[in-house]
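Report on the following structure.
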């Protein structure tokens, strides 16, 4: 159904107004809606403000556009509170495309990305308030197939019934690279078939797709536990074509920043880490492929790249990449890294600081040696102290130390942490008094398909006070900031949603019917109601809350992992015994380095295994640090060239970041020779801090600042130097 009348009148009053502007976003490249041979709606279960820096919706767009170039591809985000209230008052469904202003029923497929456990409770809420039957068994041919995947796919049992019905028509497990394109192509080719036949045909020809038993009204009495298994999709030997490079510029503050993926998976075996086990084996993208993808991102309008990786510093060619990318982009940022690699790789820390890294995030996790062994962090004291001592001597702004409290901490562990905090205070006072140090703590959520799923659950708030209080005191007594990642109700609800059984569908749906959802926080009373339901229905018991044995029936066991099933319990017993045997990645910084295989069976071929065992960081040496310093110094000293540009009315109302990225994209299309020269563009008259509120709806003639390596010969395009054409028309 078309909702143009509502949005034409009210779009400017919405919280997410920038997504619903009357002028379609030209970077989507869509045909007229009614003329499109296929229409795909991509859905995020969180508001745009919360997922703007993430990439799943962009990845799904790329897959759809590659598979079906003539398709109409749209996006919908969970409306924030004020928008939800406005939609519901006007009778507008919560699932509406931001570009088409049409409901989900007008599309041929709905692709839902689920990133984490708490946002999953928004799925039934959205269905209930979009006029879509909640269960696949109740959705006939009038509704398109709803496919759900994402990083939380292996914790989606809350939307499944024991009989095999599901709130989605199909679930996708694993990595979507290559598979999603094939899947969409098959759905389009088989559009003449009934919905279930269409999905079953696609599942038979792809990897990772599980079709709900109840899809299209064909309810099955077969239980989920006896369903035919589905293999998780794994992208073997990723190349540049597997990276995210083709997507629309969304109208937000992050439009000019691209995420550049360096590797897939993680080589470590942290016992708590969902992604570390879900995304095995570890695979790297070759330097040439990373740089090829980077060039595509630059052409797409990116002035900055954020290096995307679970641990960017395990990438064998990370140091050469830092130099090469800083030559191509105005800004290069990078966050998550392993502390032990930072400690042992010569020149790594110095190169990061030289590359303008001023905030360091270090995942320490356990508050003591014993707790780090329990978490299988493979991180010795010497590495922690060595890195901190070196960082305190650098010109940086802050250090963030991340910890996980498990509930198993003893007074001895807390005493060791107090000693550490005191020693760090003394080191800071001697070396860098002005440096900001933040201790960020989270409570351990035992996640499915990790070794710690067997551990007992700590779901009484009182059990945590003897641990949280002393940890907070140790930080603040020594002058450090203390943060707790999530409030109690969100932690407890996350834990139950992550490890509960298929019985979760009943309370999750009931609470959605009562109006509960997740938007920045849980609606009040959610956890109390969920706990009450568990107690009333016999699930608040030792079987669920206590330690679990090797034969415990966890949900979603029909999803076949590469990791051997008994490996999880083996690693759990090691965690309980304090045994940390390290991880498989080859020795850091040693030519021909090698390691030992831990026998998880994630590597499908000897070649995959050898790539990990013989992995070696490439440390350039020689003049590398001087070359990097020269590039950064030259970049900081660049002075912009100002040019006059004429902007079409279609871009009126665009966010400044979107406008800058779009102009970069347009200029590089006009002058391809500028790719290695132009670093950034910035509107400099009407979107400055002081003028932004005064000049809404900017279009027409304005001035942009162009930052480039050279304004002479290297800056020449087909029409001479910058600005030589007078006023350029863009678009």
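Among 242-252, 430-440, how do they line up from the highest to the lowest mean number of other beta-carbon atoms within 10 Å?
The densest-packed peptide leads the list: 242-252, 430-440.
Give the percent of DSSP beta bridges with both residues in region 69-187 that are antiparallel, rounded to the nearest 5.
25
Take every DSSP beta bridge whose two residues both sit in the chain; close to 30 percent of them are antiparallel.
Classified by the C-alpha gyration tensor, region 293-400 has a prolate form. Its axis ratio a/c, with a ≥ b ≥ c, is 1.5 or above, and a/b is larger than b/c.
Given their separation in residues at 0.36 nm each and the Cα-Cα distance between them, residue 189 and residue 299 gain 36.4 nm when the chain is fully extended.
When peptides 578-584, 338-344 are sorted by average Cβ neighbour count within 10 Å, with the highest value leading, the order is 338-344, 578-584.
Based on Cα contacts under 8 Å between residues 6+ apart, the chain shows a relative contact order of 13 percent. Across region 428-501, the relative contact order, built from alpha-carbon pairs under 8 Å that are at least six residues apart, equals 49 percent. Legend: Rg and Dmax of the chain, from Cα coordinates, 26.3, 77 Å.
For region 1-94, the gyration tensor built on C-alpha atoms gives an oblate shape. Its axis ratio a/c (a ≥ b ≥ c) is at least 1.5, and a/b is not larger than b/c.
Rounded to the nearest 500, the 222 nm mean residue ellipticity of the chain from helices alone is -10000 deg cm²/dmol, with -39,500 (n - 2.57) taken per DSSP H run of at least 4 residues. When both region 545-589 and region 1-68 are represented by their alpha-carbon centers, they are found 41 Å apart. Inter-label distance, residue 595 to residue 690: 5.5 nm, where each label sits 7 Å from its Cα along the C-beta direction. Spatially, region 496-515 and region 283-356 are offset by 41 Å when compared through their Cα centroids. Prolate is the label for region 4-231, because a/c, from the alpha-carbon gyration tensor with a ≥ b ≥ c as root eigenvalues, is 1.5 or above and a/b exceeds b/c.
In percent, rounded to a whole number, the relative contact order of region 4-231 is 18, using alpha-carbon pairs under 8 Å and six or more apart. Here the peptides 495-506, 399-410, 133-144, 309-320 are ranked by packing, the mean other Cβ count within 10 Å, and the order with the highest first is 309-320, 495-506, 399-410, 133-144. Distance from the Cα centroid of region 437-469 to that of region 636-663 is 47 Å (rounded to whole angstrom).
Every number in this text was worked out from the coordinates using simple rules, so none of it is lab data. None of these values were measured; they are calculated from a predicted model. Note that we place each Cβ from the backbone using ideal geometry, even for glycine, and neighbour counts take in every protein chain shown.
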